[in-house]
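A.B. asks: Here it is, the structure, as structure tokens.
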Amino acid sequence: MSHTIFLIEDDPALRGELHTLLERYGYTCVTTDDYEDVASQVDAGGASLVLLDLGLPRYDGYHVCRELRRRSQIPIIVITSRATELDELMSMNLGADDFLTKPFHSGILLARMERLLQRAYPAAQGAALSAKGLTLDLGRGTVRLGTEEAELTRNEVRILQLMLQHPERIVSREELMRTLWQSDAFVDDNTLTVNVARLRRKLEGMGAQGVLTARRGQGYQL
């Protein structure tokens, strides 16, 4: 399931960087430079999650957070250069789900977004993804090819899920590692290599030879 993220950030440079990051990782990113009635724009945009800066023109992020929470339970992550405990406390009291202080690591932001999205939209986790003759059952953690079926580990499910969401596209090792970081386990380059190799063996054991290929210096491709 592809989620739409509504980014409310008045710094054009940071807004552009975050927009590029989110689109690169498979999200649809909606932004605005009209801060008159942002909550209504979020409603109209059909977003799944909001990234909200506090230091906005016209109405600050506290006002926007209050208005968003009054209308819906959409997940809200506050991203701000305000680093005081009071700012974090006020954000949480007004209904924000998480709080990140700038500058932050992009991997941390992506992991926290994913956790909130999984919690807010659990039905998506029970769906099935299909491509290249493979069907991944996210609820059962299995992959099927014809009449053959194999059980996958959590990391293998995460890797194959990302690959199936982007068939034909080369998925970088960095992108895969970001995905595995969401499991709270330590992931390094060697861990990724081991997990991909194990997944490839399972797929080949089902008869899917050559369906998951390595692209030297780039990543992997279905």
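A.B. asks: Considering every pair of different Cα atoms, what Kirkwood radius, in Å, is found for segment 1-42?
C.D. replies: Numbers: mean 1/r = 0.0932 Å⁻¹.
The Cα-based Kirkwood calculation yields 10.7 Å.
A.B. asks: Just flag the GluC sites (Glu not before Pro) in segment 149-180 sitting in loop per DSSP whose Cβ has no more than 10 other Cβ atoms within 10 Å.
C.D. replies: Glu168
A.B. asks: Same structure again: Restricting to DSSP loop positions (anything but H, G, I, E, B) with no more than 16 other Cβ atoms inside 10 Å of their own Cβ, which trypsin sites (Lys or Arg not before Pro) remain in segment 40-102? Could the numbers behind the result be given before it?
C.D. replies: On the way: sites: Arg58, Arg66, Arg69, Arg70, Arg71, Arg82; in loops: Arg58, Arg82.
Hits after loop and neighbour filter: Arg58.
A.B. asks: Moving on. Quick one: length gained pulling Ser40 to Ala131 fully straight, 0.36 nm per residue minus the C-alpha distance?
C.D. replies: Length difference between fully extended and current span is 29.1 nm.
A.B. asks: Identify which of His105, His166, His63 has the largest mean-square fluctuation in a Gaussian network model of the chain, with springs joining Cα atoms closer than 10 Å.
C.D. replies: His105
A.B. asks: So if a site counts as exposed when it's one of the chymotrypsin sites (Phe, Trp or Tyr not before Pro), its DSSP state isn't H, G, I, E or B, and it has at most 12 other Cβ atoms within 10 Å, what's the longest stretch of the chain without one?
C.D. replies: The longest uninterrupted stretch comes out as 1-103.
A.B. asks: Subtract the Cα-Cα distance of Arg24 and Ser72 from 0.36 nm times their separation in residues, and report this length gain in nm to one decimal.
C.D. replies: 14.5 nm
A.B. asks: Gaussian network model of the chain, Cα springs within a sub-10 Å range: biggest mean-square fluctuation belongs to which of Leu199, Leu14, Leu56?
C.D. replies: For the chain, modelled as a Gaussian network with Cα springs under 10 Å, the answer is Leu14.
A.B. asks: If you place +1 on the Cβ of every Lys and Arg and -1 on the Cβ of every Asp and Glu, how big does the dipole about the Cα centre of segment 65-222 come out, in debye to the nearest 20?
C.D. replies: With Lys and Arg at +1 and Asp and Glu at -1, about 280 debye.
A.B. asks: Can you compute the helix-only [θ] at 222 nm over the chain? Use -39500 (n - 2.57) per DSSP H run of at least 4 residues, normalise by all residues, nearest 500 deg cm²/dmol.
C.D. replies: -13000 deg cm²/dmol
A.B. asks: Right, another one. Kirkwood Rh over Cα pairs of segment 23-101 into Stokes-Einstein at 4 °C, 1.567 mPa s: D in µm²/s?
C.D. replies: Numbers: Rh = 12.8 Å.
Taking Rh from Cα pairs, D becomes 101 µm²/s.
A.B. asks: Also: With no solvent and one equal point scatterer per Cα, compute the Debye intensity ratio I(q)/I(0) for segment 67-149 at 0.21 Å⁻¹ and report its log10, rounded to two decimals.
C.D. replies: Each listed q maps to, in turn, -0.98.
A.B. asks: Tell me which GluC sites (Glu not before Pro) from segment 1-61 have a DSSP coil assignment and no more than 14 other beta carbons within 10 Å of their own.
C.D. replies: Glu36
A.B. asks: For the chain, how big is Rg over Rh, using alpha carbon atoms and the Kirkwood form of Rh? The partial results should precede the final answer.
C.D. replies: Values: Rg = 19.3 Å, Rh = 18.8 Å.
Using only Cα positions, Rg/Rh for the chain is 1.02.
FYI, it's all coordinate maths here, none of it is from the lab. Bear in mind the structure is a predicted one, so any value in this text is a computation, not a measurement. So basically every Cβ, Gly included, is an ideal-geometry build from the backbone, and we count neighbours across all protein chains shown.
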